[in-house]
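Below: the structure, in structure tokens.
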Amino acid sequence: VAALIQSKRVLEGIRAVGPMADVQLLVVGDGPLRDEVDAAGRSLVGQRYRRITVPFEQMPTLYASADVLLHMSKDEPFGNIYVEALAAGLPVVAHDWVSTRWLFEDQGLLVDTDDPESVRNALRRAFGLKSAAQVAARRDLVNRRFTWKVIAEDYAACLRTLLT
């Protein structure tokens, strides 16, 4: 799930997934790289590749139909996509850096996304992280840190600090 722009590194994701013969790849998004992304998907993933766009209100259904979210961006300041996927209970494979370590705590599979084999290994692990307890832990992280109520309380505490 990403805009098809260079910084989202969708092409790198396709290249990483390509050799995984037992994986279906659904790219959700559009943008200036759509033709290049589709060409790479058809070439490297073949019949196991599909790209679609969906309205925002259908995203929960989309997440519910997925097994894993792979997001290759190396500098996502704060990815709503991560919170949405965690809220759906999905395991997430993402780039390992300070922001994703903070956001995911212990609930993400964080790797050097410049290394396709590391991405593939993380995806293989992610497909096994589907127990009820693992899904609940991902959802609990969202409820504990990223609901509007929690965020509003954090803002209020920040403002109180600034005003005192």
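Here are some notes:
- Matching residues, the range 56-69, being within 22 Å of M20 (Cβ to Cβ) and open to solvent by less than 40 Å² (accessible area, probe 1.4 Å): L62, Y63, A66, V68, L69
- Only residues that are closer than 19 Å to A16 by Cα and surrounded by fewer than 18 Cβ atoms within 10 Å (Cβ to Cβ) were counted in the range 75-95, giving 1.
- If you go through the range 56-84 and keep only what is in contact (Cβ under 8 Å) with a residue 40 or more places away in the chain and either part of a loop (DSSP other than H, G, I, E, B) or closer than 22 Å to Q6 by Cβ (or both), you end up with A66, D67, V68, L69, L70, H71, M72, S73, K74, D75, I81.
- Screening Y49, Y82, Y63 for residues that are touching a Ser or Thr at 6+ places or on another chain (Cβ under 8 Å) and of a type in the set (F, W, Y) leaves exactly one candidate, Y82.
- Where a residue in the range 10-31 is closer than 16 Å to H95 by Cβ and open to solvent by 20 Å² or more (accessible area, probe 1.4 Å) and its partner, wherever it lies, is polar (S, T, N, Q) and at pLDDT 95 or above, with Cβ under 7 Å and at least six apart: E12/T113
- G29 modelled with pLDDT of 95 or more and small (G, A, S): yes
- All positions within the range 44-55 that are over 20 Å from L86 (Cα atoms), open to solvent by 20 Å² or more (accessible area, probe 1.4 Å) and touching a residue at least 24 places away in the same chain (Cβ under 8 Å): L44, R48, Y49, R50, R51, I52, T53
- Helices (runs of 4 or more DSSP H) contained entirely in the range 99-164, each with at least 1 residues that are open to solvent by less than 100 Å² (accessible area, probe 1.4 Å) and at pLDDT 95 or above: 116-127, 132-145
- Tabulated pairs, the range 125-139, first closer than 24 Å to V17 by Cα, second open to solvent by 80 Å² or more (accessible area, probe 1.4 Å), C-beta under 8 angstrom, 6+ apart or interchain: A126/D67; F127/D67; K130/D67
The values are calculated or read from the model by the stated rules, or taken from the named source; none is laboratory data. Being a predicted model, the structure only gives us computed values, none of them experimental. When we count neighbours, we look across all protein chains shown, and the Cβ atoms used for this are built from the backbone with ideal geometry, even at glycine. Just the protein is used for accessible areas: all its heavy atoms, side chains included, with ligands, DNA and RNA removed. Shrake-Rupley method; radii C 1.70, N 1.55, O 1.52, S 1.80 Å.
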